[in-house]
Amino acid sequence: MKKVLLFTAALFLTLAASAGELARAAFPMLQRLNAELVRYQVTDRHDPDCGAIICPGCSHAHTRAAEAVFPLAYEYSLTGDRDRLRQALALGSWLIGRQQEDGSWPETPDQWPGTTTDQALMLILAYPILEKKMTADLRRNWTASIEAACDYLVGFMDNHRASINYCATASATLAEAYLLLGKESYRQKASALAHMVVAKMNPEGFIEGEGARERGYRYGVDICYDMEMSLWGLARYAEAMEDAPVMDAVRRSMDRYITFIYPDGMLDGSMGVRSNKWTLYGGGTSDGIHPLCALLSKGHPEYITAAVRNISLISTCFSSCGLLGRGPDGDSIPEASPCIYPTFAKAKSMALALLWLREDSEVQAALPSDAHMCAFHQTLGTFIIREGAFCSTVSAYWYKSKLGSRSKNMFRPSGGAMTALWVDGYGLLQASSQTEYQRYEPMHFPELPGAKCLTPRIECQEDTVYYTNLFDFDAAISVDTSSAGSETCTVMGALKDRDGFYGGVMYSIGYSWDSAAMTKCYSIFHQTNRSEVRVVEPFLVDDSTEVIQESEESVVFRRGDVAVRVSAPGYVIRVGWEEKDSYRQIFPSVRALPLVISSPAAMSGDDPAATSGDNLTVASGHDGACRIRLEYSVVSAQL
């Protein structure tokens, strides 16, 4: 063992001296993730699950965890570590033993077989590394298993059944299988799937197909699944099969998708149709941006920067048990035991990035979000801006599932909400989560009673019915970027309940940015006699965050050497200390502290017509509107 460690250390020094930024970041991260995975591998030869990786969160032997066979094999190829060789062979044999008669693998403990494409790809890529260490019988077992899985994919995989990311990754899987086994049906199906996915790109290049089925097809865009699964699947297919039109389509799309990478490497998955699995660094069950960045790296050093910074962010999200968590503060949510999924998914991502790295960079190039950036994606109703110290996302994404509130895609935030807000030197200040915490996939969503939404919002309650702008998927959004340094975004709509019914309150939210500050302007228009409306602004906090209430109108958040002042001139800001234990989420695993904006009359009781507590009174203006101006500014930390 000592010799292996010395060899690995020597290899890393060689790699660090000769490789670029991404290789130097991905290799040690691969080793770290693999080391955690094998802690949960069954080694008892008499155990029927020998070789399996057991999830400590749910005690299941997930078939998908066996995708670690390639990361383990690839580390062996780099280091010569015979433990990794043994572990990879045992894991691959266990997976093959769990294959169904039709060639598929169900995603245990569920029965979804679409992940067969992921497992088959990992076996295909591991096989050339391990082949020489196999017996003749074992080689036949592996190739027969790969062929059975790919035959199954040829007949099964399409967007009628599967979300679009499975179709895209299957194009890569079948392309690799064609190179390995030479079966023509694999090449033909890979091409058909890849061109179908390209056809599902909307006019801006975003891939539609992660939402519910509508008359036989799926629509809806998700940034995490697209960047962490679909686009690298297409890119690898296009490279392997020399399909220039598909590669051109991927490159054009990447020009749009790269704007969702924040300056700290965060993948902004805050607004997509599957944002309920957003971890900040990516999706909780999708792989990673790293293979995509590696495949497209030639001539694009900014993609290397994106991958390297994302790896740095990943390094801050490990749980105390050693597994990768669902966000930076997972240990504060004891109800959510760490699951094995993020760890094997990102191990897979590191190995693929190292395998497919086309041109590394010695120094980090700038990301679009590092400097002034305005990206208005009209087909998504989403605006991302970097101005001064602030990087922000505003979403009025219109996608609606025909299933309504029965759909897992309809508890994502919309209605002009600011779904992400990052401040230079401070970090992420605001983020989004499910509007209601739902457990559509119990395997990934543990019970979390009383969890409240992290997304800034307008809300009101009528008897038992809850209304909010976050349920407004029909809001109108407009952006004015004609004057650099004073950009604006305006969203107009109506508060709605979870089933899309109006609540008698309309709103507009105006955003503006300049080099020194950011401003939110809420205008609330009551069409009924009710005035029981609240503006709730949750702010992310951790153990290092200091919260200072300067006055009734002003609160400061301080972290390290940077402080951000939030003020509401003419209104009262109440810090919701008594609610802070409810403002926590599994995805992303973070905590928040809510600020509730109230009318002075409502707080003091001086106005007999005003409601009590945190509700906003109707202003006396000619249009009966309540208007609130929230100002964000970076101030001296020496307060």
For S312 and M373, extending 7 Å from Cα along the Cα-Cβ vector and measuring point to point gives, in nm, a value of 1.4 nm
Nearest 10 degrees, 0 to 90: helix 116-130 Cα axis against the chain principal axis: 40 degrees
Taking Cα pairs closer than 8 Å and at least 6 residues apart, the relative contact order of the range 297-375 in percent is 42 percent
Among rounded, prolate and oblate, which fits the range 22-178 when a ≥ b ≥ c are the square roots of the eigenvalues of its C-alpha gyration tensor, a/c under 1.5 means rounded, and a/b larger than b/c means prolate? rounded
Descending packing, highest mean Cβ count within 10 Å first, for 433-443, 253-263, 357-367, 543-553 is 253-263, 433-443, 357-367, 543-553
Just how large is the dipole of the chain about the Cα centre, in debye to the nearest 20, putting +1 at every Lys and Arg Cβ and -1 at every Asp and Glu Cβ? 1520 debye
Got a number for carbon plus sulfur as a percent of the chain's accessible area, 1.4 Å probe? 51 percent
Classify the range 312-390 as rounded, prolate or oblate from the Cα gyration tensor: take a ≥ b ≥ c as the square roots of its eigenvalues, call it rounded if a/c is under 1.5, otherwise prolate when a/b beats b/c and oblate if not. oblate
How tilted is helix 21-38 with respect to the longest principal axis of the chain? Cα atoms for both, answer in degrees (0 to 90, nearest 10). 80 degrees
How do the peptides 500-511, 87-98, 42-53 rank, highest first, by the average count of neighbouring beta carbon atoms within 10 Å per residue? 87-98, 500-511, 42-53
Contact order relative to length for the chain, counting C-alpha pairs under 8 Å separated by 6 or more residues, stands in percent at 10 percent
By the mean-Cβ-within-10 Å protection proxy, highest first, 264-276, 291-303 rank as 264-276, 291-303
Accessible area per residue of the chain at 1.4 Å probe, in Å²? 36 Å²
Using a Cα-Cα cut-off of under 25 Å, which lysines could be cross-linked to K496, ignoring same-chain neighbours fewer than 8 residues away? K277, K400, K402, K408, K452, K520
Mind putting together the pair-distance distribution for the range 146-245? All Cα pairs, 10 Å bins, whole percent per bin, short to long. 18, 51, 27, 4
With the crude spin-label approximation of a point 7 Å out along Cα→Cβ, what separation in nm comes out for K132 versus Y217? 4.9 nm
Using 20 Å bins from zero, what percent of all Cα-Cα pairs in the chain falls into each bin? 19, 52, 24, 4, 0
Just want to confirm a number: the relative contact order over the range 298-455, from Cα pairs under 8 angstrom separated by 6+ residues, in percent. 15 percent
Going by alpha carbons, how many degrees (0 to 90, nearest 10) lie between the helix axis of 164-181 and the longest principal axis of the chain? 10 degrees
Gain upon complete extension [E204, V547; 0.36 nm per residue less C-alpha separation]: 119.4 nm
Starting from the Cα gyration tensor of the range 528-567, take the square roots of the eigenvalues, sort them a ≥ b ≥ c, and report rounded, prolate or oblate (rounded when a/c is under 1.5, otherwise prolate if a/b is larger than b/c, else oblate). prolate
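The values are calculated or read from the model by the stated rules, or taken from the named source; none is laboratory data. Computed from a predicted structure; not experimentally measured. Cβ sites come from the backbone with ideal geometry, for glycine too, and all protein chains shown count toward neighbours. Areas reflect the complete protein model, heavy atoms only, side chains present, ligands, DNA and RNA absent. Shrake-Rupley method; radii C 1.70, N 1.55, O 1.52, S 1.80 Å.
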